[in-house]
Amino acid sequence: MPTMSPKKSSQSYDSITIEIIQSSLRAITDEMFATMRKTAMSSIIYEVLDFGVALFDRHGDLANTGAGIPGFIGMLEPGVKAIIAKHGSENVSQGDIFITNIPQRGGVSHLNDVVLILPVFHADMIVGWLANKAHWVDIGGAYPGSINPDAVEIYQEGLQLPSVKVIERGNANQGVLDIIAVNSRVPDITIGDFWAGVASMRAGEKRMLELVEKYSRDAVLYAIEDYIKLGESISRAALKEVPKGEFVATETLEDGRELKCRIIISDDEFLVDLTGNPAQSKSAMNSSRDATMVDVQMIYKAISSPQTFANSGSFKPLKVLVDDGSIFAAEYPSAMSVYYEISVLLFDLLWKALAPAFPNHLPAGHYASICGTFIGGPHPDDGKHHSIVEPQLGGWGAACDRDGVNALYTGYHGDTFNCPVEVTEQRNGLMVDNYSLSNEPGGEGEYTGGKGVNLHYRILNDEWWITMAYVRSEIGPWGQAGGLEGTTNYINVVRKNGKTTRYSSCIALPLNKGDVIEVYTATGGGYGDPGKRPRVKVIDDIKNDYLTPERAREMYGFDA
């Protein structure tokens, strides 16, 4: 894998040409994203957009982020570097594509999030890398959907793919594909999503090589290098403008364990100290070091320069201290299938620590759970096994000058969407009886927290199941400046006979025709003293069914 440095200095290229090349990098990842969306087989990818793409320089440093889930994109850099470290220059060839999904070995979050990586060659030289990461609906394991909150080791969660070549010199390794297919309960969808990822990267490869042919290899390599330096320059300048000091916060898990963080901001460094946190769980409630770093990257970007692009240069000022073997840096072979609940809680914890000092950037707490809902069984139309995963929308916290946003994905999600009711009913074999904003009381303040959702899935065939694990099921989103705590995340399972049971976690819970899953996601935290909420807004809340007259009297002393 030969390397090289651009031969010419910045004096050799005019700034317009360099900016055109850099803008083209963004266009390349946009096309990769569009290709994946249009060719994927599962609704979690083509509707929810639970994937991410990115472009890297020849050393594996993030050069340009594509659209998609920020957590996915940020983890791809260590994934590419893990491939480079494992295989070395002598074992990487034009036409190779690598596949990996082991969280503790670079670039991955849990086994369902499969990473594909492609080196881009021009002649005999690597000029960059492309990567695609997407949630596959089933990768084997003890339970359908490959999500097992009670797993104690990764071997119980599904098939592991240890940074191997799935395509070599342009030829598919059919043995690897056969192993993937036979381990999945929905092999057609799984293999279809694999080829969609391949198509996405090959589209990016084609465009990147066109860029090299048009402007020269040296010009493109220089432009990428310059772009990363520009990212660092913008980031360091932005850091100097943010408030300095030490910021701390704590959070309590449902099992009573305390999470804590300490953030120290200086002119030159953004330090996050996570030492002293609980040891890794004997369950799937663990997060990898890579996922933890992405949490820090996302919150840093939110307070420093949120309107500018991001690449590896953007995060040079960051430093993270975390104990190996802790819940935020769990070691192999720890289970991690519900890593996302720990990651989103950490993101919210960092947010909580910084919010008082950044009132114009960070509102009160949001519902802070992916609320991943995994449902499946024999499709009512053809009897074939079918499974879906849908993260749920929830409420965001109120800000210092406005109410919170209703029914939005978490800050961890990025450019994702909920699955339309029509697709859920026609493609996924469920009936949606209700999809509305939740009217549970909570999150009141001078400005009120945004509403969560109330979504009812009706099961249309016997022998179905549901797996889910929601955090913030006991303690609602935190309020700010006197605002009240929001509501909580949970589901009710209403049996055909009317019996109702509440769950914050369940694994492959049996469902039959006529049963209903009622999903409730949290309302965000309030901001400010509820007594200061203007009367006209309370009247509007009652008219819009955000607030009952009884709750209005209780919270605001309001009589209609």
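Please treat every number below as a calculation from the coordinates, not as lab data. All of these numbers come straight from a predicted model, not from anything done at the bench.
Straight-line reach from LYS537: which aspartates and glutamates fall under 17 Å, measuring Cα to Cα and dropping same-chain residues less than 8 apart?
Reachable aspartates and glutamates: ASP401, ASP403, GLU444, GLU446, ASP529, ASP545, GLU550, GLU554, ASP559.
Quick one: P(r) of segment 145-274 from all Cα-Cα pairs, 10 Å bins, percents rounded to integers, in order of increasing distance.
9, 19, 19, 24, 26, 4
Among DSSP beta bridges whose residues both lie in the chain, state the antiparallel percentage, nearest 5.
95
Have a look at segment 424-560 and give its Rg and Dmax from the Cα atoms, expressed in angstrom.
So, for segment 424-560, Rg and Dmax equal 17.5, 52 Å respectively.
Roughly what % of DSSP beta bridges within segment 394-548 run antiparallel, to the nearest 5?
The answer is about 95 percent antiparallel.
What does the convex hull of the Cα atoms come to per residue for segment 414-503, in Å³?
Value for segment 414-503: 141 Å³ per residue.
How large is the convex hull of the C-alpha atoms of segment 10-234 per residue, in Å³?
123
How would you classify segment 330-395 from its alpha-carbon gyration tensor, with a ≥ b ≥ c the square roots of the eigenvalues: rounded for a/c under 1.5, else prolate if a/b is greater than b/c, otherwise oblate?
oblate
Please tell me which of these pairs span more than 31 angstrom C-alpha to C-alpha: LYS133/LYS513; LYS282/LYS513; LYS384/LYS499; LYS133/LYS316?
LYS133/LYS513; LYS282/LYS513
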